[in-house]
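Quick notes on the structure that follows.
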């Protein structure tokens, strides 16, 4: 359970800047940092079973999660140029890799994600 929470928190940390940068909270009610700290602490102590058995249960979600990381580490234009992606769900793991036009030499990204909890098992890109 603890690794799942760590993964989810990591994803939130990665995604948060995309949603928070440039926002103005002057006319909004906010819960505050102290509440956020307390909520995180209480959640980490909780041993409740999550209400889902598979976090990433379709191709669209798998691609969205993969692209968040791939764009950050390897550049959006670079990764988009490797569309369409080759994508397989095998034994509970999403295997996603880029493609190149036939006859073009080069290497592409490869990412393997645990569909149950979102943990990234492998993330590489050839140079």
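The values are calculated or read from the model by the stated rules, or taken from the named source; none is laboratory data. The model shown is predicted, which means the values in this text are computed figures rather than measured ones. Glycine also receives a Cβ, built like all others from the backbone with ideal geometry; neighbour counts cover every protein chain displayed.
Take the conditions (1) closer than 19 Å to residue 7 by Cα; (2) surrounded by fewer than 17 Cβ atoms within 10 Å (Cβ to Cβ); (3) modelled with pLDDT under 95; residue 118 misses just one of them, which is (2). Of 79, 63, all but one fail to be at pLDDT 95 or above, assigned to a helix (DSSP H, G or I) and touching a helix residue (DSSP H, G or I) at 6+ places or on another chain (Cβ under 6 Å); the exception is 79. Out of 87, 11, one residue alone is touching a helix residue (DSSP H, G or I) at 6+ places or on another chain (Cβ under 9 Å), at pLDDT 90 or above and surrounded by 10 or more Cβ atoms within 10 Å (Cβ to Cβ). It is 87. Considering 71, 95, the condition of being assigned to a helix (DSSP H, G or I), within 15 Å of the chain's Cα centre (by Cα) and either closer than 17 Å to residue 7 by Cβ or outside the structural domain of residue 7 (by TED's automatic domain parsing) (or both) is satisfied by 71 alone.
Taking the criterion of being surrounded by 11 or more Cβ atoms within 10 Å (Cβ to Cβ) and in a loop (DSSP other than H, G, I, E, B), the residues of region 98-115 that qualify are 98, 99, 100, 106, 107, 108, 115.
Quick check on region 49-60. Is at least one of its residues modelled with pLDDT of 95 or more and in a helix (DSSP H, G or I)? There is at least one residue in region 49-60 that is modelled with pLDDT of 95 or more and in a helix (DSSP H, G or I).
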